[in-house]
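Down below is the structure, laid out as structure tokens.
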Amino acid sequence: MTVSPTVAPCLPAPFREGIERHARRVREDWDGRHLLHGMPPRPGAVMVNTNDYLALARHPRIVKAMTETLTADGNDTLMSGAFLSGDHPQLRLEADLARHMGAPAGILCQSGWAANTGLLQALVRPGMPVYIDMLAHMSLWEGARTAGAALHRFRHNDPAHLRRRLTDHGSGIILVDSVYSTDGSICPLTQTTDLAQEFGCVLVVDESHSLGTHGDHGEGMTRTAGLNGRVHFQTASLSKAFAGRAGFIAACEEAFTGYFKMRSHPAVFSSTLLPHDIAGLVETLSVIREDTWRRARLAEITARVRDELTGAGLDLHGSASHIVALTAGDERRTMALRDALEQRGVFGSVFCPPATPRTRSLIRLSLHAALTDAQVAHLITTCLDPSLPLPRLGR
């Protein structure tokens, strides 16, 4: 039987409010275009719109490990990770990643989102104080909210404000990112850890944008700063420098892993990683440890871009990492900036609500180790073009 296509909206009117609001946003605020969808890149364009910071997405060793495992094992592990035991490859990888980050134990999750929301579900009791940096990743906010926490936000990278919050509300859980994904700023980790210890708090550090890129062997900022044993949990999305599809929790004690796998709903009620995902991550960890030149190249590119842009008076809003944010203002101005960059062959990522406030959308440039000197020079020249709608310091 042939089914005629639906002409009228299929959802009842009360459920269409959000859809209609989005349609008005596209029609009125974006002039019928899409804020996130610009022009297609031409050959030779400078692509700084992914999180593949170490340029590993097409690494032949990693691709080979994944394809060989997929051919041999298919999608063999379609079950919750709570069922895994013994010498399973995923459990071995969990131990290896934990050692890499300087932690006693680790847990692989389906994504960074599942890691953060599941961790907070396992930790938070209803009404427990949770202190969260204003720019912390949305998965931390969501995890705390759904767990019923008493949320207390503190000003971004402001230990003095965090201290006042802790003094007012007492011991709880502190949530921060090591590198913040919207503007590339870096958490004052030592001061935050000192406050957590002073007030008897659990500290959770999201290392999604520093794992692989920071440290002699890519071990992340917590271990590099010598804070293992004082930071209780490090979490990470492995879709950044690891160019994979998983999340990870580095835990302060081994006993927590068994509890988490029976308590966290994302862990209990979702299938675990597939064999080729595990094989790819095993090989990726080896490459990240061995290829120290990738971090060195990324650091060289990052220093050059930040130094030249800030030296010319461009406001990078505190970026101290390989993430560079260009802020033009509202969504309409951001769309104009996106168009101007893409016309000049530079393709970043648009960040807009719900990732940013409505009045502060931005273009994020994600620098990576595969950029050539010529591409870096073109990126800098483009960003410093005086015709671009970008604010300068002092203006």
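The table below lists the values:
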| item | result |
| --- | --- |
| log10 of Debye I(q)/I(0), alpha-carbon scatterers only, for segment 239-314 at 0.11, 0.13, 0.18, 0.20 Å⁻¹ | -0.52, -0.65, -0.89, -0.98 |
| Gyration tensor verdict on segment 182-311 (Cα atoms; rounded if a/c is under 1.5, prolate if a/b is larger than b/c, oblate otherwise) | oblate |
| Tensor-based shape of segment 274-329 (alpha-carbon gyration tensor, a/c under 1.5 rounded, otherwise prolate or oblate) | oblate |
| Segment 251-383: projected area of the alpha-carbon convex hull, averaged over directions, in nm² | 11.9 nm² |
| For the chain, calculated [θ]222 nm from helices alone, where every DSSP H run of n ≥ 4 adds -39500 (n - 2.57) | -12000 deg cm²/dmol |
| Cα lying deepest toward the dipole's positive end in the chain, options ASN51, ASN157, LEU203, charges on Cβ | ASN157 |
| Net charge of Cβ neighbours under 10 Å - reference ASP330; Lys, Arg +1; Asp, Glu -1 | +2 |
| Selected from ARG364, ARG145, ARG58 as most flexible by GNM, with the chain as the system and alpha-carbon contacts under 10 Å | ARG58 |
| Ranked by how many other beta carbons lie within 10 Å on average, peptides 248-255, 283-290 from highest | 248-255, 283-290 |
| Taking PHE260, PHE15 and counting other C-beta atoms within 10 Å, the order from fewest to most | PHE15, PHE260 |
| Prolate/oblate/rounded call for the chain, Cα gyration tensor, a/c under 1.5 rounded | rounded |
| Dipole moment magnitude, nearest 20 debye, the chain about Cα centre, only Lys, Arg, Asp, Glu C-beta charged | 880 debye |
| Local electrostatic count at GLU94 - Lys and Arg +1, Asp and Glu -1, tallied over other residues with Cβ under 15 Å | -2 |
| Amide H within-cut-off set for GLY106, under 5 Å, with H built and near neighbours excluded | ALA251 |
| Tail weight of P(r) past 16 Å, computed on alpha-carbon pairs of segment 57-167, percent | 73 percent |
| Gain in span if fully extended, ASP29 to GLU253, counting 0.36 nm per residue against the direct Cα distance | 75.7 nm |
| The chain: antiparallel DSSP beta bridges as a percent of all, rounded to 5 | 50 percent |
| Mean Cβ neighbour count within 10 Å, used as a protection proxy, ranking 78-91, 128-141 highest first | 128-141, 78-91 |
| Equivalent ellipsoid, segment 110-196 (semi-axes from 5 times Cα gyration tensor eigenvalues, Å) | 19, 17, 10 |
| Neighbourhood charge, 9 Å Cβ-Cβ cut-off, centred on HIS152 and excluding it, Lys, Arg +1 and Asp, Glu -1 | +1 |
| Burial ordering of SER361, SER387, fewest other beta-carbon atoms within 10 Å first | SER387, SER361 |
| Spacing of the two label points (7 Å from each Cα toward its C-beta) at SER85 and ALA303, in nm | 5.2 nm |
| Volume per residue of the C-alpha convex hull in segment 60-290, rounded to whole Å³ | 106 Å³ |
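Read-outs: derived from the displayed coordinates by stated rules, not from any lab. These figures come from a predicted structure and were not determined experimentally. Please note: Cβ atoms are built from the backbone with ideal geometry, for glycine as well, and neighbour counts cover all protein chains shown.
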